[in-house]
1. If each residue of separation counts as 0.36 nm, what is the full-extension length gain between residue 412 and residue 321 once their alpha-carbon separation is subtracted?
2. Suppose the chain between residue 403 and residue 95 were pulled fully straight at 0.36 nm per residue; how much longer would it get relative to their current alpha carbon spacing?
3. Would you mind computing, in nm to one decimal, how far apart the modelled labels at residue 66 and residue 87 are, each placed 7 Å from Cα along Cα→Cβ?
4. What ranking do 138, 299 get, fewest neighbouring Cβ atoms within 10 angstrom at the top?
5. Helix-derived [θ] at 222 nm for the chain: sum -39500 (n - 2.57) over DSSP H runs of at least 4, divide by residue count, nearest 500?
6. Can you find, among 65, 47, 93, the residue farthest towards the positive end of the dipole of the range 19-93? Put +1 on the C-beta of Lys and Arg, -1 on that of Asp and Glu.
7. Sort 189, 108 by Cβ crowding within 10 Å, fewest neighbours at the top.
8. Using a cut-off of under 14 Å, list every residue of the range 167-192 whose amide N is near the label point 7 Å from the Cα of residue 152 along the Cα-to-beta-carbon line.
Amino acid sequence: MFPENDPGLWCIASIMTPLPSQPTSPRAPKHQRVRETLRRQIMEGLYPPGSALPPETELPKRLRVSKITVVRALNELVREGLVVRRRGRGSFVADPAQRPLIPGRFLKLGVLVPFSVFPDYRYGSAQNEMLRAALATWGMERAEPEFPGAAADQATQGRFTCEPRGCMVSMMGEEVSAHPMHPPLQAVKAAGLDGILTCSIVQEAWMAELLALGIPTVIVDYPAERFILQADQVYFDPLPGYRAAVNHFVAAGLKRIHFVGGLIHKPFGRYEDRPRGDAYYTPEHTQRDPDSFLRLAAWRETMTQHGLDAPESNVHYAWSEGKHAAETALRLADLPADRRPQAVVCHGLGQAQAVLEVFATRGLPVMTAGATDAAGHGPALRIVASNADLGRTAASLLLWKLQLPSRLPLRVGVPMALSKESVR
C-alpha cells in the first residue's frame, strides 16, 4: 500500500493490518462475539475481499442478535479496516490493495496549485506531476477526475473520488478571471478539507492565512523559514546536485564559475489588468524564484570549499527560456575576458542551454549546468530534480500527520542529483 521508503508510514501500515480473529468468552458482550464471528468468516473466505456482506437488515436474523448489536460489530470492523461502507450500497469486505487510507474515515484532501484547473490540467506542469505522484501514493491513480463548472470569480477544480480508498481529492486552483497564483481562500474554507498539499504556491501572506485555518498542511516546493513550526515542508535540496556540478567544473580546470538564478512573475489581479508584451518582464512585475536562494547557497558553499571566488558580481538572475534568458546570456558573453565565466551553474536547464547557444555564436568556450525534471544527454549538465518525488513524499507526510496530528512539523529535502548520463 505504501512505498517501503516512506518515512514513518510503517506505523500507519501496522495500524491498518487486520487483527487475527480472537477467541471470545461466552460472557463477552454480544457485539464482540458478533465481531469475531464475522472476522472469522471473512478470514476463512466465506466473504472474500471486495464482496458484499449481507444487509444490516439480514445479518441480525442470521446471527440471532439485534440490529444495534450488528451495527456496533460492523463499526469496529470498519475502524480496523477489515470492512468498508459504501454510501447507499452497504458494507463490503476490504480489498487488501484497496483499503481505506485511514480506517473508519472518509477523507477530503486538497491539492492547491498556482494556476487555473481545466480538463487538460494533466499536461506539461511540474505541479501536475506532483499531483499524479500524490494520487498514486494514495492508491488513487486510476480515479478519473470530474470538473464541476465554475463562474469566472470562483475557484477552478478537478475532483478525484475513490470510495474503496475512502478518499476524495480536490485539485483546486485560481479563478478564471484573475491570476493571484493561489485558489481563493474562501473556496478552501468551504471545501471542508481534512488535509492540504500546497504545490509551488509562494505567496507568503496568503499562506499565513491558509495555515491559520488549522487544517493539516504540507507546503510543497516552497521552503519558507517563517512556517517551519506551523506545517510540514517538502522541498528540493540542491546541495548534492549543485555541489557535484561545481566539482565537475573544477575537476576540468575551470575557476570562474558564475551562478544564474531564476525569475518568476508576480501575481496580478483581473486578467484585463495583466501587463502586456515586454512590460510583463520588467522588474516591477518580477520576483526572484524562492528556490534559487537554496541553489545559490549550494553554489557559494562549494565554491568556498574549493577556495574560489564567489562575489555578488558573479550572481545573475534570468528567465527560464526564450529571448529574456538569451539577454542574460549575452550580458555574460559581453563581459571582459578576465571576468567572463568559464562555467555557469543555472537555476534551470533552459538558462544553461541559452548560455551555451549564445557563447557558441561568439566562438567562446563555456560549460553549463541546470536543473531539470528529466535525465538525458546534451551539452549542458543536467541536475535532476524529481517533481514526482516531491509529490510522493508530501502525500506520505500528510497521511502520517492525519494519523499522528500531535507530531512536530518536519522539513524534508528531496535531493537533487547530477545526472550520470550528462557527464559521460
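Just so you know, all these numbers are worked out from the coordinates, no wet-lab data involved. Being a predicted model, the structure only gives us computed values, none of them experimental. Quick reminder, even Gly has a Cβ in these numbers, built from the backbone with ideal geometry, and neighbours come from all protein chains shown.
1. Computed gain between residue 412 and residue 321 is 29.9 nm.
2. Difference between extended and current length: 108.8 nm.
3. 3.0 nm
4. 138, 299
5. About -10000 deg cm²/dmol.
6. About the Cα centre, the residue reaching furthest to the positive side is 65.
7. 189, 108
8. 175-179, by backbone N distance to the label point.
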